[in-house]
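K.L.:
To start, I am sharing the structure in question, which I have written as C-alpha cells.
The values are calculated or read from the model by the stated rules, or taken from the named source; none is laboratory data. Just so you know, these numbers come straight off a predicted model, no measurement behind them. Positions of Cβ are backbone-derived with ideal geometry, glycine not excepted, and every protein chain shown enters the neighbour counts. Keep in mind that these areas ignore ligands, DNA and RNA; they rest on the heavy atoms of the full protein, side chains included. Shrake-Rupley method; radii C 1.70, N 1.55, O 1.52, S 1.80 Å.
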Amino acid sequence: MQKQTWTIKSIISWTSNYFSEKDVDAPRISAELLLGSVLDLSRVNLYINYDKPLSDSELKQYKTYIQRRIGGEPTQYITGTQEFWSLDFKVTPSVLIPRADTETLVERALAFISTCQQTPLNILEIGTGSGAISIAIAHELKERDLQIKAIDISEDALKIAEENATLNGVAEKIEFLLSDKFNAVSKSEKFDLIISNPPYISEEFYDKLESKVKDHEPKLALYADEDGLIFYREIFSAGHGHLNEGGCILIEIDHRKKDDLISLVDNEKYSAPVFYKDLPGLNRVLEITKRSTSQE
C-alpha cells in the first residue's frame, strides 16, 4: 500500500477537525501555529506553500505537538512564542502568557506618557514576567528619553524578560531587578509612572480557572490571596511615596473587583480612580494620580 503523503494543506485540515472533536479552542489557528513552528513558517507562508509535503521528521515533531496540545498545554508554551503589541516574545512555563487584554494597559501608559514633559521619564513596572509591558512601551518610544525599572520576584522570569528585551532591541532602556514588589527600590527613588499587571486571582476564582491556565501557567503570576486584593493594597500604599507629584499608577484589574478597588484608594493621596475598558468592554485598567502637596 502506498504511503500517504501529507501536505501542509491536508495536515492542517485534519488537525483542525481533530482539535474540534477534542474541544481544543481556536482549532485551526492552533493547528497553523503549531505547524508553522515545526516548519519555521509564518501563517501567511503556510498558505503560500499549501502543497508542500511534510518530511517524516517534520510529521513526527508535529504529532508530538498535537499530543501536547490535546493534553491541555497552551500553544504558546509548545511553540515558545507569543505575539504582543505586534512584537514577538519568548514564553516558557516560568512566565504568564501575555494577553491581548493587557494591551489596554500599554495603550493607557502611552497616553499618559504623551502628556509628560519630564526628561528623563522614569517608569517602574512591578511584576514584569515576560517583560511584555515594559518592552512594548520602550519599543514604541525608542526616541524618548526614558528609563524603565522592571522588577519581578522570579529569577527565571527575569531571564526570559532580559532575552525578550534584547530580542526586541530595547535592552538599553530597561533595567531588570529581582525584587518582591518595592524591596529592591531605594526609599528615595521616585517615578513618573508605576505600572503593573499583578496577580489578582482570588482563592474563589483560582479554583474555577480553566485547566489550560491553572495546570500550566505559573501560580505565582496568577494567584494573589483570599480576596485577590493584596497587591493593590501594597502598590497603592507604598507606591505613593515613590511617585513624583502628578505621577500616575496604572494597573490591570479584575473587572469583578471594581467596587473593592475604589474603596482601597486613599482620596487624600490620589485622584479619584479612572477605569478603562478592554476590547470586550470589561473594566481592565485602573488609573490613579498622585495629588500635589497643596492638594493633600
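K.L.:
Can you work out which of the residues in the stretch 176-235 that are farther than 21 Å from K258 by Cα and of a type in the set (G, A, S) is least open to solvent (accessible area, probe 1.4 Å)?
P.N.:
Restricting to residues being farther than 21 Å from K258 by Cα and of a type in the set (G, A, S), the top hit is S179.
K.L.:
Would you mention how many residues in the stretch 236-259 are surrounded by 19 or more Cβ atoms within 10 Å (Cβ to Cβ) and among the acidic types (D, E)?
P.N.:
Total satisfying the criteria: 2.
K.L.:
Exactly one of (1) open to solvent by less than 70 Å² (accessible area, probe 1.4 Å); (2) among the β-branched types (V, I, T); (3) without any contact (Cβ under 8 Å) to a residue 60 or more places away in the chain is unmet by T104. Its number?
P.N.:
In the conditions (1) open to solvent by less than 70 Å² (accessible area, probe 1.4 Å); (2) among the β-branched types (V, I, T); (3) without any contact (Cβ under 8 Å) to a residue 60 or more places away in the chain, T104 misses (3) alone.
K.L.:
Let me ask something else. Which of the residues that make up the stretch 107-136 are open to solvent by less than 50 Å² (accessible area, probe 1.4 Å), hydroxyl-bearing (S, T, Y) and part of a loop (DSSP other than H, G, I, E, B)?
P.N.:
T128, S130
K.L.:
Let me ask something else about it. Scan the stretch 48-84 for residues that are out of contact with any strand residue (DSSP E or B) (no Cβ under 7 Å at 6 or more places or on another chain), among the polar types (S, T, N, Q) and open to solvent by 40 Å² or more (accessible area, probe 1.4 Å) and jot them down.
P.N.:
Passing the criteria: N49, S55, S57, Q61, T64, Q67.
K.L.:
Being under 21 Å from the mean Cα position of the chain (by Cα) and among the hydrophobic types (A, V, I, L, M, F, W, C) is the requirement here; does I262 meet it? I'd like the intermediate steps shown before the answer.
P.N.:
On the way: under 21 Å from the mean Cα position of the chain (by Cα): no; among the hydrophobic types (A, V, I, L, M, F, W, C): yes.
So I262 fails the test.
K.L.:
Of all residues being part of a loop (DSSP other than H, G, I, E, B) and either farther than 21 Å from K219 by Cα or not aliphatic (A, V, I, L, M) (or both) in the stretch 85-101, which is least open to solvent (accessible area, probe 1.4 Å)? Just the residue, please.
P.N.:
Taking the stretch 85-101 as the starting set, the residues that turn out to be part of a loop (DSSP other than H, G, I, E, B) are 85-86, 91-99.
Those still in the list that are either farther than 21 Å from K219 by Cα or not aliphatic (A, V, I, L, M) (or both) too: 85-86, 92-94, 98-99.
Working: W85: 50, S86: 103, T92: 32, P93: 78, S94: 44, P98: 14, R99: 84 Å².
Among those residues, the one meeting the criterion is P98.
K.L.:
Any chance the stretch 103-117 includes a residue that's under 26 Å from I249 (Cβ atoms) and of a type in the set (D, E)? First the steps, then the outcome.
P.N.:
Quick first cut of the stretch 103-117, residues under 26 Å from I249 (Cβ atoms) only: 103-117.
Filter once more, so that each one left must be of a type in the set (D, E): 103, 107.
Scanning the stretch 103-117, I find at least one residue that is under 26 Å from I249 (Cβ atoms) and of a type in the set (D, E), so the answer is yes.
K.L.:
The conditions are (1) open to solvent by 10 Å² or more (accessible area, probe 1.4 Å); (2) over 22 Å from I113 (Cβ atoms), and E172 fails exactly one of them. Which is it?
P.N.:
(2)
K.L.:
Restricting to the stretch 26-61, and then to whatever is outside any helix (DSSP H, G or I) and of a type in the set (S, T, N, Q), can you tell me which residue is nearest to G80 (Cα to Cα)?
P.N.:
Going residue by residue through the stretch 26-61, those that are outside any helix (DSSP H, G or I) are 26, 40-42, 49-55.
From the residues that got through so far, the ones that are of a type in the set (S, T, N, Q) too are 42, 49, 55.
Details: S42: 14, N49: 23, S55: 22 Å.
Residue satisfying both the conditions and the ranking: S42.
K.L.:
Identify, please: which residue in the stretch 23-36 is within 21 Å of the chain's Cα centre (by Cα) and of a type outside the set (A, V, I, L, M, F, W, C) and is, among those, least open to solvent (accessible area, probe 1.4 Å)? Step through it out loud before you land on a result.
P.N.:
Here is the first cut: in the stretch 23-36, the residues within 21 Å of the chain's Cα centre (by Cα) are 25-26, 29-30, 33-34.
Those still in the list that are of a type outside the set (A, V, I, L, M, F, W, C) too: 25, 30.
Details: D25: 69, S30: 7 Å².
Among those that are within 21 Å of the chain's Cα centre (by Cα) and of a type outside the set (A, V, I, L, M, F, W, C), it is S30.
K.L.:
Consider I288 against the criteria (1) at pLDDT below 95; (2) hydrophobic (A, V, I, L, M, F, W, C); (3) outside any helix (DSSP H, G or I): it satisfies all of them except one. Which criterion is unmet?
P.N.:
Only one criterion in (1) at pLDDT below 95; (2) hydrophobic (A, V, I, L, M, F, W, C); (3) outside any helix (DSSP H, G or I) is unmet by I288, namely (1).
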